[in-house]
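These notes concern the structure reproduced below.
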């Protein structure tokens, strides 16, 4: 998703904040992924970029799709860490 210096900086930021990066594959139309896209994000297509807070009591934070910038990701992580 990111390359060069942005990738290096995000990797460091993730490590410092205990963030786990995940990538979901929708090559085969999986009904669970379809339901999540619809119910959590009101979307019917990909890509979808989101931050899931560690607390199950907080909703996922939807990030912009295009152009997704390093600053968007950092802001989403910061929001997910707020009490």
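The values are calculated or read from the model by the stated rules, or taken from the named source; none is laboratory data. Note that the structure is predicted; figures quoted are calculated from it, not measured. Using ideal geometry, Cβ is built from the backbone for each residue, glycine included, and neighbour counts are taken over all protein chains shown.
At a glance:
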{"quantity": "Count of residues meeting criterion [surrounded by 10 or more Cβ atoms within 10 Å (Cβ to Cβ) and either over 21 Å from residue 64 (Cβ atoms) or at pLDDT below 90 (or both)] in segment 1-20", "calculated": "4"}
{"quantity": "Residue pairs meeting the criteria (Cβ under 7 Å; at least 6 apart or on separate chains; first in a loop (DSSP other than H, G, I, E, B), in segment 32-55; second buried (at least 16 other Cβ atoms within 10 Å of the Cβ))", "calculated": "43/37; 44/37; 48/37; 53/80"}
{"quantity": "Odd one out for residue 29, checked against (1) assigned to a helix (DSSP H, G or I); (2) at pLDDT below 90", "calculated": "(1)"}
